[in-house]
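A.B. asks: Once you've had a glance at the structure underneath, I'll fire off some questions.
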């Protein structure tokens with residue numbers, strides 16, 4: 001998951017280079033933001049499940065996608081959110097179809113070239129000729145990680161969302177302060 005931090009950093013840099021401000025991120029308004037927190041905590045918990053508890057790890061991942069998909073649905077009109085949602089849906093689909101995230105052995109070996117060994121954790125299964133939707137599995141090697149097409153879309157959507165939010169002007173009443181039209185001109189001296 002280090003790659004998602006890299007995506008966030010790059011998005012913030014691109015947003016700043018395009019005239020955006022980190023200050024604008026304080027004005028982000030999303031519906032039911034806590035669904036993200038619940039989803040990511042469950043997803044992170046799956047990473048700590050021992051390798052011999054495959055069913056538990058996969059169940060945690062699938063359960064984690066439910067609040068994430070609900071968040072996406074509620075906030076789909078925000079820039080980039082639907083792209084991230086498509087990525088999550090793609091990952092969800094391939095995991096359900098295969099009982100875990102299929103990983104291409106060759107891609108995993110390239111990604112872990114320093115150790116030269118293929119070690120699957122509890123949430124992954126080996127991609128085989130019988131794999132359903134193999135193109136949605138973890139097949140893209142990066143140093144230390146193998147990504148799926150869904151991961152790429154999730155990263156792209158997150159990046160678009162952050163960059164757009166940085167360039168979006170702050171609302172005058174961003175924090176819900178009520179105002180009355182023309183009230184500033186009625187000030188008596």
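The values are calculated or read from the model by the stated rules, or taken from the named source; none is laboratory data. Worth saying up front: this structure is predicted, and the values here are computed from it rather than measured. For neighbour counting, all protein chains shown are included, and Cβ atoms are generated from backbone atoms with ideal geometry for every residue, glycine included.
A.B. asks: Filter the range 70-80 down to the residues that are assigned to a helix (DSSP H, G or I) and out of contact with any helix residue (DSSP H, G or I) (no Cβ under 6 Å at 6 or more places or on another chain), then identify the one that is nearest to residue 156 (Cα to Cα).
C.D. replies: Within the range 70-80, the subset assigned to a helix (DSSP H, G or I) is 70-74.
In the following step, the residues that additionally are out of contact with any helix residue (DSSP H, G or I) (no Cβ under 6 Å at 6 or more places or on another chain) were identified as 73-74.
Values: 73: 17, 74: 19 Å.
The extreme case among them is 73.
A.B. asks: Answer yes or no: is there a residue in the range 154-170 that is in contact with a strand residue (DSSP E or B) (Cβ under 9 Å, 6 or more places away or on another chain) and surrounded by fewer than 21 Cβ atoms within 10 Å (Cβ to Cβ).
C.D. replies: no
A.B. asks: Right, another one. Before we move on, is residue 49 in a loop (DSSP other than H, G, I, E, B) and surrounded by 15 or more Cβ atoms within 10 Å (Cβ to Cβ)? Spell out how you get there, then give the answer.
C.D. replies: Numbers: in a loop (DSSP other than H, G, I, E, B): yes; surrounded by 15 or more Cβ atoms within 10 Å (Cβ to Cβ): yes.
Yes, satisfied.
A.B. asks: Which of the numbered conditions does residue 95 fail, given that it passes all the others? Conditions: (1) modelled with pLDDT of 90 or more; (2) surrounded by 19 or more Cβ atoms within 10 Å (Cβ to Cβ); (3) over 23 Å from residue 35 (Cα atoms); (4) in contact with a strand residue (DSSP E or B) (Cβ under 6 Å, 6 or more places away or on another chain).
C.D. replies: (3)
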